[in-house]
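Peer 1: Dropping a structure here in structure tokens format, bear with me for questions.
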Amino acid sequence: MTAKTSQSFTEEERAAMKERARETKAEAKTNKNRAEGESDLLAKIAEMPASDRVMAERLHAIISASAPALSPRTWYGMPAYANRDGKVVCFFQSAQKFKTRYATLGFSDQAQLDEGAMWPSAFALKELNAEDEAKVAALVKKAAG
């Protein structure tokens, strides 16, 4: 007797994959410039619930100031920031995106955050205070290289 195992994706995960497919098609059709990427990113932030939107707007300001070489864009329907090669370095995931109890500031393998053999690549966010904002600025600056 074999137990049936279901490894299907949630509705939110399927929606994120569809958004990523649309983003990839749009990127292939037009070589998006920084302004277009930022416009897409700000539109996604505007769709967020108030608590996540406030954090995302603040993170956008911090990331833009701390790592101006990173280009704003969307990635799986989330605000993200890419390096010169177009590879995502960091991203913001709204708590509502996958119905989690906290938002996430995540870093990809492109981020230059390596410290020894183990380091964090994502941070849970419930709110941002001045101390947290300083930590984010330092992390993003380091991640950008």
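Read-outs throughout are calculated quantities, based only on the coordinates presented, and are distinct from any laboratory measurement. Computed from a prediction, not measured in an experiment: that's the story for all the values here. FYI the Cβ positions are ideal-geometry reconstructions off the backbone, even for glycines, and counts take in every protein chain you see.
Peer 1: Could you tell me which residue out of 61, 15, 51 lies farthest along the dipole of the range 11-144 toward its positive end? Charges go on the beta carbon: Lys and Arg +1, Asp and Glu -1, centred on the Cα centre.
Peer 2: The residue sitting farthest along the positive end of the dipole is 15.
Peer 1: Please work out the ratio of the alpha-carbon Rg of the chain to 2.2 N^0.38 Å and round it to two decimals.
Peer 2: For the chain, the normalised Cα radius of gyration comes out at 1.10.
Peer 1: For Cα pairs less than 8 Å apart in space and 6+ apart in sequence, what is the mean separation divided by the residue count of the range 29-85, i.e. the relative contact order in percent? If you can, show how the numbers build up before the last one.
Peer 2: On the way: 52 pairs, mean separation 22.1, N = 57.
Dividing the mean separation by the residue count of the range 29-85 yields 39 percent.
Peer 1: Show which aspartates and glutamates lie in cross-link reach of residue 99 when reach means a straight Cα distance below 18 angstrom and same-chain residues fewer than eight apart are skipped.
Peer 2: Those aspartates and glutamates meeting the cut-off are 11, 12, 13, 19, 47, 52, 127.
Peer 1: To continue, here is another question. List the trypsin sites (Lys or Arg not before Pro) in the range 69-126 that DSSP assigns to loop (not H, G, I, E or B) and whose Cβ has at most 13 other Cβ atoms within 10 Å. Which are they?
Peer 2: Sites meeting the loop and neighbour criteria: 84, 87, 99, 101, 126.
Peer 1: Residue 75's amide H: which non-local residues (gap 5+, or another chain) put their own amide H closer than 5 Å, with H modeled 1.01 Å from N in plane and none for Pro or chain starts?
Peer 2: 80
Peer 1: Give me the dipole magnitude in Debye, nearest 20, for the range 60-145 about the Cα centre, with unit charges on the beta carbon: positive for Lys and Arg, negative for Asp and Glu. Present the calculation step by step, with values, prior to reporting the outcome.
Peer 2: Values: 10 positive and 8 negative charges, 63 e Å.
I would put it at about 300 debye.
Peer 1: On a 26 Å Cα-Cα criterion, which of the cross-link pairs 18/142; 25/87; 18/44 come out too long?
Peer 2: Those over the limit are 18/142.
Peer 1: If you place +1 on the Cβ of every Lys and Arg and -1 on the Cβ of every Asp and Glu, how big does the dipole about the Cα centre of the chain come out, in debye to the nearest 20?
Peer 2: The dipole magnitude comes to about 380 debye.
Peer 1: Within 10 Å of each residue's Cβ, count the other Cβ atoms and sort 135, 18 from fewest upward.
Peer 2: 18, 135
Peer 1: Can you list the GluC sites (Glu not before Pro) in the range 90-135 that are in a DSSP coil and have 16 or fewer other beta carbons within 10 angstrom?
Peer 2: Passing both the DSSP loop test and the Cβ count: 115, 127.
Peer 1: Follow-up question, since we're still on this one. So if each residue of separation counts as 0.36 nm, and I subtract the Cα-Cα distance between residue 69 and residue 126, what length gain in nm does that give?
Peer 2: Additional length available on full extension: 17.8 nm.
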